[in-house]
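Student: Have a look at this one.
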Amino acid sequence: MGVLLFERAAVDEVKFGDKVELISSAGSTQAAKVLFATNAFALELAGLQERAQAAFTTAVMTEPLREQVLAKIGLGERKPFYTVDLPYLWGRMLGNAVIFGSGLIFFDDWRGLRTLNIDEGEAAEVYERLQARIRRLHPALREVKFTHRWGGPICIAENWTPVFERHPESKNAVVLGAYSGHGVTQSVYLGAWAAEVLLGGRELPNWK
């Protein structure tokens, strides 16, 4: 069985019936089963507009650090970490550089993710606070330089619990997402599970 990919054809509207019709600027297509896995995007199409929120998570990377510096700041064993204070600070190694992440930028409308400029406004302030926080962690980091800054969209639902359920408009559609920043592993595992559900070989989880 072949797989068709439609690039640059964002779905603008969905019509639910015996089959699900997906409508985009490129045209429309019908499917017997549909998986909505758009996470922070298209909350209305997935039926999540009243119970999930889109956000942008931020991260920066330091210059390569000497082994002595890594030992002083507790990263001599190169283990990823989270801090216990909130907003929590996470980190991991990339060569001898350290990637740190913390902080969220929220949107009243998820479409703001499309036009966010990380060098302006609230985003720029979030990055400056993150870098200042890292420099305060340890005297060895006081003058550290940062070489990269970036971020990405995440989706947060009620109680920070992932969404994996039937679409409210159709039993032939499943909604999957809202990983709250932990989607690298969850999306792969739950995506395979969702495929089994759509093929009738497995039940949805009973999350309460």
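The values are calculated or read from the model by the stated rules, or taken from the named source; none is laboratory data. Quick caveat, the model's predicted, so the values are computed rather than measured. Backbone-built Cβ (ideal geometry, glycine too); neighbour counts: all protein chains shown.
Student: Filter segment 89-106 for residues that are closer than 22 Å to residue 44 by Cα and either of a type in the set (Ser, Thr, Tyr) or surrounded by 14 or more Cβ atoms within 10 Å (Cβ to Cβ) (or both) and give the result.
Tutor: Result: 104, 105.
Student: Which of the residues that make up segment 1-25 are surrounded by 13 or more Cβ atoms within 10 Å (Cβ to Cβ), more than 22 Å from residue 54 (Cα to Cα) and of a type in the set (A, V, I, L, M, F, W, C)?
Tutor: 16, 20, 22, 23
Student: Then there is this: Taking the residues in segment 140-178 that are touching a strand residue (DSSP E or B) at 6+ places or on another chain (Cβ under 9 Å) and among the acidic types (Asp, Glu) as candidates, determine which candidate is nearest to residue 194 (Cα to Cα). Walk me through how you get there before you give the answer.
Tutor: Filtering segment 140-178 for residues touching a strand residue (DSSP E or B) at 6+ places or on another chain (Cβ under 9 Å) gives 141, 144-158, 162-170, 172-178.
Now restrict to residues that are among the acidic types (Asp, Glu): 158, 165, 169.
Values: 158: 21, 165: 9, 169: 17 Å.
In this case the residue turns out to be 165.
Student: So residue 3 ticks every box in (1) among the β-branched types (Val, Ile, Thr); (2) without any contact (Cβ under 8 Å) to a residue 60 or more places away in the chain; (3) within 21 Å of residue 110 (Cα to Cα) but one. Which box is left unticked?
Tutor: Result: residue 3 fails condition (3) only.
Student: Any chance you could count how many residues in segment 109-129 are in contact with a helix residue (DSSP H, G or I) (Cβ under 9 Å, 6 or more places away or on another chain) and either on the phi > 0 side of the Ramachandran plot or aliphatic (A, V, I, L, M) (or both)?
Tutor: First, the residues of segment 109-129 that are in contact with a helix residue (DSSP H, G or I) (Cβ under 9 Å, 6 or more places away or on another chain): 116-119.
If we keep only those that are either on the phi > 0 side of the Ramachandran plot or aliphatic (A, V, I, L, M) (or both) too, we end up with 116, 118.
The qualifying residues number 2.
Student: Filter segment 144-155 for residues that are closer than 20 Å to residue 93 by Cβ and at pLDDT 95 or above and give the result.
Tutor: Filtering segment 144-155 for residues closer than 20 Å to residue 93 by Cβ gives 144-152.
Once the filter is applied, which keeps residues that are closer than 20 Å to residue 93 by Cβ and at pLDDT 95 or above, segment 144-155 yields 144, 145, 146, 147, 148, 149.
Student: Filter segment 69-90 for residues that are farther than 19 Å from residue 56 by Cβ and in contact with a Gly (Cβ under 7 Å, 6 or more places away or on another chain) and give the result.
Tutor: 70, 80, 81
Student: Hey, another quick one. Among the numbered conditions (1) crowded, with 19+ Cβ neighbours inside 10 Å; (2) assigned by TED's automatic domain parsing to the domain that holds residue 143; (3) farther than 18 Å from residue 186 by Cβ, tell me where residue 47 comes up short.
Tutor: (2) is the only condition that residue 47 fails.
Student: Something else now. Enumerate the pairs (first residue in segment 171-198 and not assigned by TED's automatic domain parsing to the domain that holds residue 154; second residue anywhere and of a type in the set (Ser, Thr, Tyr) and surrounded by fewer than 17 Cβ atoms within 10 Å (Cβ to Cβ)) with beta-carbon separation below 9 Å, excluding pairs fewer than 6 apart on the same chain, so at least 6 apart or on different chains.
Tutor: Cβ pairs passing all conditions: 178/161; 179/185; 180/161.
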